Amino acid sequence: MNNLAYDVLIVGGGGAGLRAAVAAVEADSRLSVGVVSKVYPMRSHTVSAEGGLAAVVRDDDNLDSHAFDTIKGSDFLADQDVVEAFVKEAPDEAIQLEHWGCPWSRDQDGRVSVRAFGGMTVKRTLYAADKTGFHMLHALFQTSLKYTSIHRHDEFFVTSLLVEEGRVCGVAALNLQSGGLQAIQAKAVILSTGGGGRIFPFTTNAAIKTGDGMAMAYRAGCPLKDMEFVQYHPTGLPGTGILMTEASRGEGGYLVNSEGDRYLSEYVPGKMELGPRDILSRSFVHELRAGRVFEDEQGQYVHLDLRHLGEKVIDEKLPFVRELTRNYVGIDPVHDPIPVRPVVHYMMGGVHTDIDGRTPIEGLYSAGECACVSLNGANRLGSNSLTECLVFGARAGKSAAAHAMEQDQQRLGALEHLTREEEERIKSRFFSEAPEEESIADIRTDLQKAMEAGAGIYRTREGLEKACEDIAGLRRRYDNVRVQDHSNVFNTQLTAAIELGFMLDVAESLAHSALRREESRGSHARSDFEERNDDAFLQHSLAYRGVEDGDTPRIDYLPATITRWQPEERTY
Ligand SMILES: Cc1cc2nc3c(=O)[nH]c(=O)nc-3n(C[C@H](O)[C@H](O)[C@H](O)COP(=O)(O)OP(=O)(O)OC[C@H]3O[C@@H](n4cnc5c(N)ncnc54)[C@H](O)[C@@H]3O)c2cc1C
């Protein structure tokens, strides 16, 4: 077997992964860095981010304000030391990104433009029209190309972490072009594989967002933190789930019900359309229950009305919104209101890390949406995530580099043994005879339905218990999934089967964490426990995978870090 070996190996070529790669080589130019991605890096989900990136860059703004908005948005579950580091390092990251080539939109006077975003007290979201992620990822990708010590393996699909004596020593990856399983050795591995919104039926998330890194860490014994917190974005296009960026409301768009009212005056009078996403998504459910929504063959929805902004503003600030609505719903937002409804968008939870991206497993790091560094708590504010990829991607890259520098040469023999085991597992798991074969698509659809029914915007004990049972049943059915396609080149049936396994793990940790949290906080709204309960739950949940197959996960708790801002009632 042809082994590849790096000092630092990064799984994921999105915003967090590429930022980590650059930080690692800049930490020490002697280090070799590998970047593995199941798709070409420019196809990572980061590319689709529209609205912008939050950072304090104006005189009317200050770091404490950004910190407090983030903490209040998180419903006080964010770790405040993490938030303080984040707001402090964000402006430098934003400026550096421009030096690397990101074309921030600018005002007439030459200053970088900022726009309003939900839950932020002042305008502090930098943007590149409404294609911010596209420009950000280009800038990072180009920068990564400058370094000869960064080696990319595009279209390599990582199937598992290789762990020896409690220490991560690399990964096993399918080379999608040849079909071979490849061991990639590393002194430190950073998981930056993004989120897992695909476990829900209606999502803005790309098809590749199946929670792979979260599941791999969970299988290796690393806890997943705060998995119960799932963000619904209030404005997705019915039918497709395509995002209508929050920038549409930041630029002044209205949300209007079927009676023609800007209904948010009843729920977030102080902020209206610029309230945080969890509250806006719940407001939609109330309107739906009151019968004040539109309905057609695509389902129920309200209107996002941009008409009063005029063609010039829409073309300058929201060109992508116009392009998407014309192409996907055949309307022009200059003349027609846009149908929208809440859509699963982001996972606040993920791989448990400290402020430097370190996980409890030696040699394992994580950053970006895959990780939970505890910046977003129970609800993320829009435009903090791209910044999170930069700040904590850089931190993870640096700490993984420091760890790698301290390690001796690795032992290759053990790695080969682990890789052969993984090869055998995949072969017997997916290519042997099964008593009765199950379909990947059927199980995936049933999983998505179970998650929406039991772990959606509003949750109850009965609903969550049912979701946990359903997931356990789907796991049993998954044991009978087999792959009929035996070809080597781009065997997408095999990768879909492996991804489904990852999705089941992520769903299991999510539903069990949600069942145990008997309070309502941020995006986690329990109809049977409507109040926030700081006495019992001002704590992060940690889900550990059961030891034996069939075991339910163990849920543990870790107190949130409070530095300067005591929890208070969250009203807007
Ligand atoms: C439509 C949309 C719009 C958004 N808009 C904004 C916005 O305006 N502002 C904001 O702050 N946030 C926004 N977000 C959220 C933000 O874009 C994401 O949270 C962030 O980009 C995630 O970046 P990441 O690097 O963690 O992961 P991703 O960009 O998702 O990258 C994941 C990488 O991991 C790789 N990978 C995954 N699994 C494997 C595997 N098994 N083997 C090998 N490689 C693997 C993938 O190939 C990919 O390269 C938006 C999200 C969406 C969906």
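Numbers below:
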item: Residue tally, condition free of Cβ contacts under 8 Å to residues at least 60 places away in the same chain and over 28 Å from LEU542 (Cβ atoms), over the stretch 478-518; result: 10
item: Qualifying position, being buried (at least 24 other Cβ atoms within 10 Å of the Cβ), more than 11 Å from the ligand (Cβ to nearest atom) and under 16 Å from ALA186 (Cβ atoms), among VAL33, VAL25, VAL11; result: VAL33
item: All positions within the stretch 456-477 that are surrounded by fewer than 19 Cβ atoms within 10 Å (Cβ to Cβ) and either closer than 22 Å to ARG554 by Cβ or hydroxyl-bearing (Ser, Thr, Tyr) (or both); result: TYR458, THR460, ARG461, GLU465, LYS466, GLU469, ALA472, GLY473, ARG475, ARG476
item: Residue match in the stretch 386-401 (condition: within 16 Å of the ligand (Cβ to nearest atom), under 30 Å from LEU288 (Cα atoms) and in contact (Cβ under 8 Å) with a residue 12 or more places away in the chain); result: no
item: Within the stretch 130-171, tally of residues that are of a type in the set (Gly, Ala, Ser), in contact with a strand residue (DSSP E or B) (Cβ under 8 Å, 6 or more places away or on another chain) and surrounded by fewer than 24 Cβ atoms within 10 Å (Cβ to Cβ); result: 4
item: Candidate set from the stretch 205-254 (those that are assigned to a loop (DSSP other than H, G, I, E, B) and among the aliphatic types (A, V, I, L, M)); member that is farthest from the ligand (Cβ to nearest atom); result: MET227
item: Scope the stretch 347-358; condition crowded, with 24+ Cβ neighbours inside 10 Å and either more than 15 Å from the ligand (Cβ to nearest atom) or of a type in the set (Phe, Trp, Tyr) (or both); matching residues; result: HIS352
item: Test: residue in the stretch 145-163 that is more than 15 Å from the ligand (Cβ to nearest atom) and of a type in the set (Val, Ile, Thr); result: yes
item: All positions within the stretch 20-69 that are assigned to a strand (DSSP E or B) and either of a type in the set (Val, Ile, Thr) or out of contact with any Ser or Thr (no Cβ under 9 Å at 6 or more places or on another chain) (or both); result: VAL33, GLY34, VAL35, VAL36
item: Whichever residue in the stretch 73-108 is among the polar types (S, T, N, Q) and part of a helix (DSSP H, G or I) and, among such residues, is farthest from LEU137 (Cα to Cα); result: GLN80
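Every read-out reported here was derived from the displayed coordinates using simple, explicitly stated rules and does not represent laboratory data. Only a predicted model underlies this, so the values are computations on that prediction, with no experimental measurement involved. Heads up, the Cβs are rebuilt from the backbone with ideal geometry, glycines too, and the neighbour counts pull from every protein chain shown.
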